[in-house]
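The values are calculated or read from the model by the stated rules, or taken from the named source; none is laboratory data. This one's a predicted model, so the numbers in the text were calculated from it and none came from an experiment. Virtual Cβ from ideal backbone geometry, glycine too; neighbours counted across all protein chains shown. Heads up: the accessible areas ignore ligands, DNA and RNA and are worked out on the full protein's heavy atoms, side chains in. Shrake-Rupley method; radii C 1.70, N 1.55, O 1.52, S 1.80 Å.
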Amino acid sequence: MKSDIKPLCDKHLLKMEAVGVSAKMGGSDVWTWPAFRCPTAGCDRLFDSGGYRTFSEGPVDPDSSNFIGCEDGAMFIERVEEDNLIWRCSKVGCQRSRTTDLAFCPRSGV
Ligand SMILES: [Zn+2]
Ligand SMILES: [Zn+2]
């Protein structure tokens, strides 16, 4: 994943903060990887190389994931332009982008 990306939360469209996320992978193994969290209090959206999802300590709820991919990289919301979301690939060396309408964004409170 690129280190200089600034993904927007897919619910709030606010700039997410870089964090390290760790999770237990069974036994005493703990994995930490770079990810981004929404700064909104109570928002548990997370973006990492697997796309957007809701952070949880346990198994990821597949319904919470919001993935637009290009080849083997996940795309993040780079900016909002009028009624469109501009997505950008998070993979190093890939500059592909995509446009979706705002309706693609999961509404908060759902
Ligand atoms: Zn959020
Ligand atoms: Zn790509």
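Of the conditions (1) touching a Gly at 6+ places or on another chain (Cβ under 6 Å); (2) open to solvent by 70 Å² or more (accessible area, probe 1.4 Å); (3) of a type outside the set (Ser, Thr, Tyr), residue 74 satisfies every one except a single condition; which number is it?
Only one criterion is unmet by residue 74, namely (2).
Pick from the range 20-58 the residues that are in contact (Cβ under 8 Å) with a residue 24 or more places away in the chain, touching an Asp or Glu at 6+ places or on another chain (Cβ under 6 Å) and open to solvent by 20 Å² or more (accessible area, probe 1.4 Å): which of them is farthest from residue 68 (Cα to Cα)?
39
Kindly list the number of the only condition in (1) closer than 22 Å to residue 104 by Cα; (2) assigned to a loop (DSSP other than H, G, I, E, B) that fails for residue 4.
Result: residue 4 passes all but (1).
From the residues in the range 80-103 that are more than 16 Å from ligand 1 (Cβ to nearest atom) and in contact (Cβ under 8 Å) with a residue 24 or more places away in the chain, which one is farthest from residue 6 (Cα to Cα)?
That would be 100.
With 104, 67 as the choices, which residue is of a type in the set (A, V, I, L, M, F, W, C), touching an Asp or Glu at 6+ places or on another chain (Cβ under 9 Å) and open to solvent by 50 Å² or more (accessible area, probe 1.4 Å)?
Sole residue among the options that is of a type in the set (A, V, I, L, M, F, W, C), touching an Asp or Glu at 6+ places or on another chain (Cβ under 9 Å) and open to solvent by 50 Å² or more (accessible area, probe 1.4 Å): 104.
Can you name the residue in the range 59-79 that is touching a residue at least 60 places away in the same chain (Cβ under 8 Å) and of a type in the set (D, E, K, R) and is also nearest to ligand 2 (Cβ to nearest atom) among such residues?
78
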